[in-house]
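Since every read-out is calculated from the coordinates, none of them should be taken as a lab result. This structure is a prediction, so every number in the text was calculated from the model and none was measured. Cβ placement follows ideal geometry from the backbone for every residue including glycine, while neighbour counts extend to all protein chains displayed.
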Amino acid sequence: MRTFDIRNFLPGVLAAALAMSVGGCGNDPPPPPPSVPTGPPGKIESTITDGNSFPVRKLEIRLLQSPPAGTLSEGGDFTGVSTANVRDQKEGPDMKLIQRTETNDFGKFKLENVAPGEYLLSAGTLTTGIWRQWITMEPGKTLNPAIKLPGRK
């Protein structure tokens, strides 16, 4: 007669459960590729003001895009995989510069032919303070974000 010993049974069950949670059952379809929005390009136009509501002239504006979810990042001593739900408002080394422009003498700028998708819009310098915001560009739309520089900290 064979006796049941939980010490021999439990490690096998845990190993099987772990294998299923990490790798699936083996018959799972591959995850779908991230969907890329399509449609006509849009544009972003706005006026940048400082803490006293005066227009800021000759200020650089950057439109950045983070890598698609699941992209392997190998920057320096750190290796990681980007995820769709992590939206840090920093300009990391993995972010791709899409467009760059400068404000005119009246603090106005325009970025044209921006493909639909999610971007990090960044304006400012260490002297003026840096303003950053995630924006979603919809096909054929014009965005007018209100940009007021925070000032130097």
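The table below lists the values:
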{"item": "Extension reserve of the E138-T49 stretch, reckoned as 0.36 nm per residue once the Cα distance is removed", "result": "29.5 nm"}
{"item": "Other-chain or far-sequence residues with amide H under 5 Å of L59's (modelled H)", "result": "T103"}
{"item": "3J(HN,Hα) from dihedral phi, the range 116-129, Karplus parametrisation 6.51/-1.76/1.60, rounded to Hz, x for glycine, proline", "result": "x, x, 9, 9, 9, 9, 10, 9, x, 9, 5, 6, 8, x"}
{"item": "Within-15-Å neighbourhood charge of N113 [Cβ basis; K, R +1; D, E -1]", "result": "+1"}
